[in-house]
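> Encoded as structure tokens, here's the structure I'll be asking about.
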Amino acid sequence: MKSIAALQAIVTATPFDGEPSDAELDAIETEMPLILADVALLDAQIMTIDRTPTELDERRIRRARRRVLAARRDLTNRTATSTATVSGGAA
């Protein structure tokens with residue numbers, strides 16, 4: 001059985017600086033419209049937790065759901081387009 005001291009070099013070989021990498025920041029920026037749409041949907045749903053939703057609340061939730069679906073569609077299309085462009089194989 002190895003001691004913790006013997007494994008320390010393996011565990012701490014690459015120091016963690018606590019900051020996201022450029023690739024992670026780019027991925028977050030790409031997904032930001034979807035994240036914001038999800039937050040708007042959650043806000044609309046949270047407002048109706050402790051009461052019966054009014055017609056205005058229902059419309060607000062429906063609009064927020066549509067925004068989420070549109071953001072997911074756009075993100076999927078953007079990802080599919082960039083994947084097709086990168087692969088570039090013969091037809």
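A short reminder: the numbers here are calculations on the coordinates, not readings from a lab. As the structure is a computational prediction, the values presented were derived from the model and not from experiment. Glycine gets a Cβ as well: all are built from the backbone with ideal geometry, and neighbour counts include every protein chain shown.
> In sequence order, what are the phi-derived ³J(HN,Hα) couplings for segment 65-71 according to the Karplus relation 6.51 cos²θ - 1.76 cosθ + 1.60 with θ = phi - 60°, rounded to whole Hz, with x for glycine and proline?
Running phi through 6.51 cos²θ - 1.76 cosθ + 1.60 with θ = phi - 60° gives 5, 5, 5, 5, 4, 5, 5 Hz.
> How much length would be gained if the chain were fully extended between Asp50 and Glu31, taking 0.36 nm per residue of separation minus their Cα-Cα distance, in nm to one decimal?
Working: separation 19, 0.36 × 19 = 6.84 nm, distance 3.07 nm.
Contour length minus the Cα-Cα distance gives 3.8 nm.
> Taking 7 Å along the Cα-to-C-beta vector as the label spot, tell me the Ala23-Arg66 distance in nanometres, rounded to one decimal.
3.8
> I would also like to ask the following. Regarding segment 22-62, what's the average projected area of the Cα-atom convex hull, expressed in nm²?
On the way: hull surface 12.7 nm².
Dividing the Cα hull surface by four gives the mean projection, 3.2 nm².
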